[in-house]
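Colleague: Structure incoming, see below.
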Amino acid sequence: MIYHHHHILNKEIASVKRKNKTIGFVPTMGSLHHGHLTLISRALEENDIAVVSIFVNPTQFDKPADLKKYPRTMDADADLLKTLKGPVYIYAPLPSDLYGDNVVSKKYNFGGLEHQMEGRFRPGHFDGVGTVLNLLFRAISPDHAYFGEKDFQQLQIANKLVEIEDLPTKIVGCPIVREESGLAMSSRNKRLSPKLLEEAVLIHQMLVEVKKYFGRYSIAKLSIIVEKAFRENEHLELEYFEIANINNLKTAARKRAGIKYRAFIAAFAGGVRLIDNIALN
Ligand code: PAF
């Protein structure tokens, strides 16, 4: 069932809640792939119903051209969701249904999380993500909301958001779903040529390499290895490689005992920006 207006969805949700049923929510911007289906299947396993939002959120794009280019595949998305077993409600609003007349971001202080990595390269991005998630959580009142670890920074922002906005939703982080080649699944992969799909595997390969040598090499040495591999690949352009503390996402210059780290890469493949990460310890 597709809902375009939150007041109609709200009635449905109120009736679900009256029966003491739980709601698992998966926010998406559509262009669904197997990675999304894995999140939604988990939402169905752990809740009575799943709600999936399909909304290309204008406030999280820093470049109008990217917003325009973002794939919109509503019919294919709805067909894909029909392949799942269990009640899945789709919420596909117009911007005005969520935002009213004022399609702008709220300014958030996520305790510094927003200034690291993606935040440095995409100004205002996490204000847009926080704003839309807050609006969606309030419209849907989910018990659980499911996020892929591919966007690990977004997952941590979602955790911080429910704390700041005092929302009852529990955020659930889910493992990255990969192609057989190791490439992290993403809607953006659809924009890669077969050649670039092959070359983009380097991102995951380098993360695996970093994990392998994390105990042995310094962070400086690991950075040199990754940067060299990207320099030698004529199809990919590294935007950043970072090893960061998983809690505050601050860049780590050296390893410290008792801290959990992840390695993060953002790179362009023929103009398509891809991100990926891996847990190191
Ligand atoms: O990851 C995404 O697709 C988006 O950032 C999200 C969480 C749906 C918010 O618009």
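The values are calculated or read from the model by the stated rules, or taken from the named source; none is laboratory data. Since this is a predicted model, take the numbers as computed values, not measurements. Virtual Cβ from ideal backbone geometry, glycine too; neighbours counted across all protein chains shown.
Colleague: For segment 51-66, check the following and say yes or no: at least one residue is in contact with a helix residue (DSSP H, G or I) (Cβ under 7 Å, 6 or more places away or on another chain), in contact (Cβ under 8 Å) with a residue 40 or more places away in the chain and more than 16 Å from the ligand (Cβ to nearest atom).
Modeller: no
Colleague: For the structure I just gave you, tell me whether Leu167 is touching a helix residue (DSSP H, G or I) at 6+ places or on another chain (Cβ under 6 Å), within 14 Å of the ligand (Cβ to nearest atom), farther than 17 Å from Phe264 by Cα and in contact (Cβ under 8 Å) with a residue 12 or more places away in the chain.
Modeller: No; evaluated as a whole, the condition is false for this residue.
Colleague: Checking the conditions here, which among Glu227, Glu209, Glu239, Glu232 is surrounded by 12 or more Cβ atoms within 10 Å (Cβ to Cβ), among the acidic types (Asp, Glu) and farther than 20 Å from Phe121 by Cα?
Modeller: Exactly one residue qualifies, and that residue is Glu209.
Colleague: Does Phe147 satisfy the criteria of being out of contact with any Lys or Arg (no Cβ under 7 Å at 6 or more places or on another chain) and part of a strand (DSSP E or B)?
Modeller: yes
Residue-wise test of (1) under 25 Å from the mean Cα position of the chain (by Cα); (2) at pLDDT 95 or above.
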position: Glu209; (1), (2): yes, yes
position: Arg216; (1), (2): no, yes
position: Glu227; (1), (2): yes, yes
position: Leu238; (1), (2): yes, yes
position: Ile243; (1), (2): yes, yes
position: Arg254; (1), (2): no, yes
position: Ala263; (1), (2): yes, yes
position: Gly271; (1), (2): yes, no
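A quick yes/no check of all residues on (1) loosely packed, with under 14 Cβ neighbours inside 10 Å; (2) touching a residue at least 12 places away in the same chain (Cβ under 8 Å); (3) touching a helix residue (DSSP H, G or I) at 6+ places or on another chain (Cβ under 7 Å):
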| residue | (1), (2), (3) |
| --- | --- |
| Met1 | yes, yes, no |
| Ile8 | yes, no, no |
| Ser15 | yes, no, no |
| Asn20 | yes, no, no |
| Thr28 | no, yes, yes |
| His34 | yes, yes, no |
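Colleague: From the set of residues in segment 175-225 that are in a loop (DSSP other than H, G, I, E, B) and out of contact with any helix residue (DSSP H, G or I) (no Cβ under 9 Å at 6 or more places or on another chain), which is nearest to Phe147 (Cα to Cα)?
Modeller: Among those residues, the one meeting the criterion is Glu180.
Colleague: For segment 139-155, how many residues meet the condition of being within 12 Å of the ligand (Cβ to nearest atom) and in contact (Cβ under 8 Å) with a residue 60 or more places away in the chain?
Modeller: Result for segment 139-155: 9.
Colleague: Additional query: Could you figure out which of (1) at pLDDT below 95; (2) outside any helix (DSSP H, G or I); (3) touching a Phe, Trp or Tyr at 6+ places or on another chain (Cβ under 7 Å) isn't true of Ser53?
Modeller: The one condition Ser53 does not meet is (1).
Colleague: Got a sec? Which of Asp97, Asp127, Asp151 is more than 19 Å from the chain's Cα centre (by Cα) and not small (Gly, Ala, Ser)?
Modeller: Exactly one residue qualifies, and that residue is Asp97.
Colleague: Just give me the residues in segment 143-152 being surrounded by 21 or more Cβ atoms within 10 Å (Cβ to Cβ) and out of contact with any Pro (no Cβ under 9 Å at 6 or more places or on another chain), in sequence order.
Modeller: The one that is surrounded by 21 or more Cβ atoms within 10 Å (Cβ to Cβ) and out of contact with any Pro (no Cβ under 9 Å at 6 or more places or on another chain): Phe152.
Colleague: For residues that are among the polar types (S, T, N, Q) and away from the ligand (no atom under 15 Å from the Cβ), tally how many sit in segment 1-50.
Modeller: Number satisfying all stated conditions: 6.
Colleague: Do we find that Ser218 is surrounded by fewer than 19 Cβ atoms within 10 Å (Cβ to Cβ), more than 28 Å from Phe268 (Cβ to Cβ), of a type in the set (Ser, Thr, Tyr) and away from the ligand (no atom under 16 Å from the Cβ) in this structure?
Modeller: The answer is no for Ser218.
Colleague: Please enumerate the residues belonging to segment 71-117 that are in contact with a Lys or Arg (Cβ under 8 Å, 6 or more places away or on another chain) and crowded, with 16+ Cβ neighbours inside 10 Å.
Modeller: Phe110, Leu113, Gln116
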